[in-house]
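First comes the structure, then the notes that go with it.
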Amino acid sequence: MTQAPAPARRPFRWHIPVLLAPAVLVYSAIMILPLFGTLQLSLFRNVEGVRTFVGLANFQTLFGDARWSASFWNALWNNTWFFIIHMVVQNPIGVALAALLSSPRLRFAAFYRTAIFIPTILSFVIVGFVWKLILSPLWGVAPNLLDLVGLKSLFTPWLGKEEYALTTLGLISVWQFVGIPMMLIYAALLSIPDEVIEAAELDGVTGWSQFWKIKLPLILPSIGIISILTFVGNFNAFDLIYSAQGALAGPNYSTDILGTFLYRTFFGFQLQSGDPYMGSTIASMMFVIILAGVCVYLFAVQTRLRRYQF
Amino acid sequence: MSRATSSLPRSAAAHAILILYTIIALFPVLVVVMNSFKARNAIFRAPLMPPTTTTFDTVGYTTVMAQGDFLLYFGNSLTVTVVSLFLVLLFGAMAAFALSEYRFRGNTLTGLYLALGIMIPIRLGTVAILQLMVASGLVNTLTALILVYTAQGLPLAIFILSEFMRTVSDDLKNAGRIDGLSEYRIFFRLVLPLVRPAMATVAVFTMIPIWNDLWFPLILAPSESTKTVTLGAQIFLGQFVTNWNAVLAALSLAILPVLVLYFIFSRQLIRGITSGAVK
Amino acid sequence: MKQFMLAALAASTILSGATLAFAQDKSLTIESWRNDDLTIWQEKLIPAFEKAHPGIKVTFAPSAPTEYNAALNAKLDAGSAGDLITCRPFDASLDLFNKGQLADLTSLPGMENFSPVAKSAWSTDDGSKTFCVPMASVIHGFIYNKDAFDQLGIAVPKTEAEFFAALDKIKADGNYIPLAMGTKDLWEAATMGYQNIGPNYWKGEDGRKALIEGKQKLTDADWVEPLKTLAKWKPYLGDGFEAQAYPDSQNLFTLGRAAIYPAGSWEISQFNSQAQFKMGAFPPPVKNAGDTCYISDHNDIGIGLNAKSPNQDAAKTFLSWVASPEFATIYANALPGFFSLSNTPVKMEDPLAQEFVSWREQCKPTIRSTYQVLSRGTPNLENETWVESANVINGTETAEQAADKLQKGLDGWYKPGAAK
């Protein structure tokens, strides 16, 4: 980055604090202070109406108590599966679409690009509701469609079955968000210098082999960024499941992820009153999980990817 | 020559795949919009048929229009989104530039500090945020939402932008310094235009959650005059949940403005991405 | 730095021209989850009140039922909640009162219009203090398509055997789905299913109180049997009932595609406006002819005063009006199926609502078993009952397994007799 070591006689560089100040101020006041106010609650508990410091006892409850730990591990595993679906379905599709879109002289590219990105701009309220309608056995859009291709027997009430519900929601989420990796990869592909491509073509490397051998290594850093964004996004996910399945993440908690588990605990639901202390405990665990993932990315993946760059 | 012949089937295949995926992407939206123009019985009997002269019915829209002021809600959403987006991009780029350009004590630490926000959903701070807004009298103002969304968007914006800013060549900036440009000018004149594609990316990432957020409008600004489109549509869905005409019409009305907005912005967005890339 | 931010925030408020309270008129805001009732409040109730009390303006500001509790709690904690709070029955509101967020209304003028039973849902355990004005109760039963019953020659079932015989007949005919209910939203299974038919098995109040006192357990036959009966409903539900949501069930019935709808009385007004056929209602069938019948007549909705409201007097005026017979009459007739809890009898026009309320004469009423005391801890019995009832109907668990899980969850925190 900056190459020469800073000369000792340089005057105080006022532009640095000036450039940083607005972001740091807004961010600290509106986000960090409230969030840490919440996270520190995980060390407290309500004893007879008084907030009492209990150290790590809440974490002990979360992992030691059979009921809490069962819910937590269930949510964590579901969340992991949700993430796996995104990694193996969303990102490859996104890359493939971007690769197709970026092929030179493709007609209607702008139209495809625009159309495929549309689901991404819809709100969870709409997405959840629309897919509930489409998959609803009552309305019959999905069964009718399957009937058209002679596969009506394949229809089951996916969102109502424990074994399919989470995967279905994962795919709905992929449907919604595939535009993001597509756009990012598309931008990365376009930024590959023409000379590189021309040189490859002169060497007779074209088409898919050109993609695999030349382009893919060059867009790996973008894929890395997408992966970590997907990870963070998935482990913070909440809205889609909440709007499609409700806060109890039915059937039988089979679609419960950390976000819904946290929401239910922190804010309460129906007759269950909220427990900010256990809620904060779960939030702290989510924080640790995401922090770990980001660290893995920063220290392992990114440093290795850097080597591919010139 | 040989390339032209071989590319014909290949481009046909490419089109086939893209068309297929476009259909998958648009189908649900289409089903909703189409059925919103049909009578209740026709919605259920033949959901996949476009409205015909006998089944055409706009009763859903009349119900929706009679309730709530969707135009006002739309204006609120637009104000909140555009202002927050502007602030996130400006503050985010400034901070990202400071972090990626200068070496100073506490640089890494500040970077990590600013990245923390990516890892915890801001929703958790709700009660404290609400208290802050109550104390400052900002409850039921769009300002409250703008502040929250600005704070919420900053971490990711700084994270992505500083990655990109590191790739801007030093020669250019040093040339600017030799020409006597101030650091601010270097940032605004030289660096900002070069990271336009990254700015477009950040804009998309920031805009979508803001536009679609349900939680903070519900908590911070639920009053009639500050309702956003998403909140309005949600209340509507709750109220008319069995009235599918109204539900489908409300959904269509919530989708269409976003589409229009997107069509307006998507050109800028793509131009930003491609112009920066091609140079 | 925080100080600075506050100052900056305050400055921007002035710039943004925040809405200031109206100068003279007191204005009251009602927090509610009843977004369905928005038009009734706007067109009937509020104008009636404002006409009698000039100088007080009332705004009804509902949020979606699913978000209500979370949003309300956040607003109460931060001090930005409305003046009047619509109260969920029993433990949820009691919790707010204990935290000092709901004001004590024991001596509110008009409170004498309600019996202790009516007030029980919003009183402390010893009954000494009341914190919400009771608004309405809802009754469970079954609404049926009269045309379908006539067409198939089915008489209204009185016993469980007759009920299942009727279901078999409807199913054999094939024109109608016998029962319009789904398990997707979970609560349908628990509320319209378990709490609907249950009182006949656990003998209403007797069983409910024995459970609270610890004399009975959820694994006792009286409590497992309703789950077993629920499991038998499965073959009579529509295709794909596992993904059938609450509005789907309502639509199935009102479109005339289903014959029987396990109902709560709150459905009446909407069904009246949507169904194109004649409807009737019957109480949950008893086991043997001549058995005493029990119905769930559940105190469902009340309204209280935000203890931090700056408009205490105006709010109390409003609450006294809610407690008056005038309000009861408008409310019960605008929303047939929400039955007034007032001592003064209210004349209702709607025949279906009259049918429901007439069961109070023949059957012994009780409230939902999970609402009082048993939903104070974690895991919460009501929410668990949603999940387990759905599981039993889906066939993923047997009635015994479900009852076992429910009892275990309850044992985790509830010590009967400790009264805490």
query: Among the numbered criteria (1) of a type outside the set (Phe, Trp, Tyr); (2) buried (at least 20 other Cβ atoms within 10 Å of the Cβ); (3) part of a helix (DSSP H, G or I), which single criterion is violated by residue C:150?
result: (2)
query: When only residues in the range B:34-47 that are crowded, with 17+ Cβ neighbours inside 10 Å and of a type in the set (A, V, I, L, M) count, which is modelled with the highest pLDDT?
result: B:34
- prompt: Taking the range B:93-106 on its own, how many of its residues are more than 7 Å from chain A (Cβ to nearest Cβ) and in a loop (DSSP other than H, G, I, E, B)?
  reply: 2
task: Only residues that are small (Gly, Ala, Ser) and surrounded by fewer than 19 Cβ atoms within 10 Å (Cβ to Cβ): list them for the range A:196-223, please.
output: A:199, A:200, A:204, A:207, A:209
- prompt: Does residue A:54 satisfy the condition of being exposed (fewer than 14 other Cβ atoms within 10 Å of the Cβ) and closer than 15 Å to residue A:276 by Cα?
  reply: no
task: Looking only at the range B:56-66, decide whether some residue is crowded, with 16+ Cβ neighbours inside 10 Å and either within 30 Å of residue A:102 (Cα to Cα) or in contact with a Pro (Cβ under 6 Å, 6 or more places away or on another chain) (or both).
output: no
message: Condition (residue is free of Cβ contacts under 8 Å to residues at least 12 places away in the same chain and either buried (at least 17 other Cβ atoms within 10 Å of the Cβ) or within 9 Å of chain A (Cβ to nearest Cβ) (or both)) applied to the range B:188-199: is it met by at least one residue?
response: no
message: Quick check on this structure: which one of C:387, C:357, C:346 is at pLDDT 90 or above and more than 14 Å from every other protein chain (Cβ to nearest Cβ)?
response: C:357
message: For the condition more than 22 Å from the chain's Cα centre (by Cα) and more than 8 Å from every other protein chain (Cβ to nearest Cβ), what is the one hit in B:109, B:145?
response: B:109
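Would a scan of the range B:162-169 turn up a residue that is within 12 Å of chain A (Cβ to nearest Cβ), over 29 Å from residue A:28 (Cα atoms) and either of a type in the set (A, V, I, L, M, F, W, C) or over 21 Å from the mean Cα position of the chain (by Cα) (or both)? Quick ask: steps written out before the conclusion?
Of the range B:162-169, the ones within 12 Å of chain A (Cβ to nearest Cβ) are B:162-169.
Still in the running and over 29 Å from residue A:28 (Cα atoms): B:169.
Now narrow it down to the ones that are either of a type in the set (A, V, I, L, M, F, W, C) or over 21 Å from the mean Cα position of the chain (by Cα) (or both): B:169.
The answer is yes; a qualifying residue exists.
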field: Filtered residues of the range A:183-206 (kept if without any contact (Cβ under 8 Å) to a residue 12 or more places away in the chain, outside any helix (DSSP H, G or I) and within 13 Å of chain B (Cβ to nearest Cβ))
entry: A:191, A:193, A:204, A:205, A:206
message: Looking only at the range C:154-211, how many residues end up being closer than 14 Å to residue C:371 by Cβ and surrounded by fewer than 17 Cβ atoms within 10 Å (Cβ to Cβ)?
response: 2
query: Hey, among the residues in the range B:93-111 that are surrounded by fewer than 19 Cβ atoms within 10 Å (Cβ to Cβ) and of a type outside the set (D, E, K, R), which one's nearest to residue A:237 (Cα to Cα)?
result: B:111
task: Being at negative phi, outside the structural domain of residue C:37 (by TED's automatic domain parsing) and either assigned to a loop (DSSP other than H, G, I, E, B) or in contact with a strand residue (DSSP E or B) (Cβ under 9 Å, 6 or more places away or on another chain) (or both) narrows it down to one of C:384, C:388, C:397, C:349, so name that one.
output: C:397
message: Kindly evaluate residue A:146 against the criterion of being surrounded by fewer than 24 Cβ atoms within 10 Å (Cβ to Cβ) and away from chain C (no Cβ under 13 Å).
response: no
- request: Hey, can you tell me all the residues within the range A:208-236 that are at pLDDT 85 or above, within 15 Å of residue A:180 (Cα to Cα) and among the polar types (S, T, N, Q)?
  value: A:227, A:230, A:234
field: Hits in the range C:171-210 - residues which are of a type in the set (D, E, K, R) and touching a residue at least 24 places away in the same chain (Cβ under 8 Å)
entry: C:171, C:184, C:185, C:188, C:203, C:205, C:208
query: Here are some conditions: (1) at the interface with another protein chain (Cβ under 7 Å from one of its Cβ atoms); (2) touching a strand residue (DSSP E or B) at 6+ places or on another chain (Cβ under 6 Å); (3) in contact (Cβ under 8 Å) with a residue 24 or more places away in the chain. Residue A:247 meets all but one. Which one does it not meet?
result: (3)
- request: Looking at (1) out of contact with any Leu (no Cβ under 7 Å at 6 or more places or on another chain); (2) at pLDDT below 90; (3) surrounded by 19 or more Cβ atoms within 10 Å (Cβ to Cβ), find the lone condition where residue A:105 falls short.
  value: (3)
field: Condition broken by residue B:163, with the remaining ones in (1) surrounded by fewer than 21 Cβ atoms within 10 Å (Cβ to Cβ); (2) at pLDDT 80 or above; (3) not hydrophobic (A, V, I, L, M, F, W, C) satisfied
entry: (2)
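Looking only at helices (runs of 4 or more DSSP H) that fall completely inside the range A:253-306, which ones have 3 or more residues that are at pLDDT 90 or above?
A:258-267, A:276-295
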query: Is there a residue being within 12 Å of another protein chain (Cβ to nearest Cβ) and hydrophobic (A, V, I, L, M, F, W, C) anywhere in the range B:60-67?
result: yes
statement: Expected single match for surrounded by fewer than 18 Cβ atoms within 10 Å (Cβ to Cβ), within 14 Å of chain A (Cβ to nearest Cβ) and in contact (Cβ under 8 Å) with a residue 60 or more places away in the chain among B:72, B:90, B:78, B:85 is B:78
Tally, over the range C:36-89, of residues that are over 24 Å from residue A:266 (Cα atoms) and of a type in the set (S, T, N, Q): 3
field: Options B:154, B:124, B:114; residue that is at the interface with another protein chain (Cβ under 7 Å from one of its Cβ atoms), under 24 Å from the mean Cα position of the chain (by Cα) and either assigned to a loop (DSSP other than H, G, I, E, B) or more than 21 Å from residue A:237 (Cβ to Cβ) (or both)
entry: B:114
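Run down C:212, C:177, C:170 and say which single residue is more than 14 Å from chain A (Cβ to nearest Cβ), under 18 Å from residue C:236 (Cα atoms) and among the β-branched types (Val, Ile, Thr).
Going through C:212, C:177, C:170 in turn, the sole match is C:170.
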message: Condition check: modelled with pLDDT of 80 or more, facing another protein chain (nearest Cβ under 8 Å) and more than 14 Å from the chain's Cα centre (by Cα). Does residue B:225 satisfy that?
response: yes
Only listed residue being within 14 Å of chain C (Cβ to nearest Cβ), without any contact (Cβ under 8 Å) to a residue 60 or more places away in the chain and aliphatic (A, V, I, L, M), chosen from A:154, A:159: A:154
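The values are calculated or read from the model by the stated rules, or taken from the named source; none is laboratory data. Small disclaimer: the values here were computed from a predicted structure and weren't measured. Don't worry about glycine lacking a Cβ; one is built from the backbone with ideal geometry, like all the others, and counts go over all protein chains shown.
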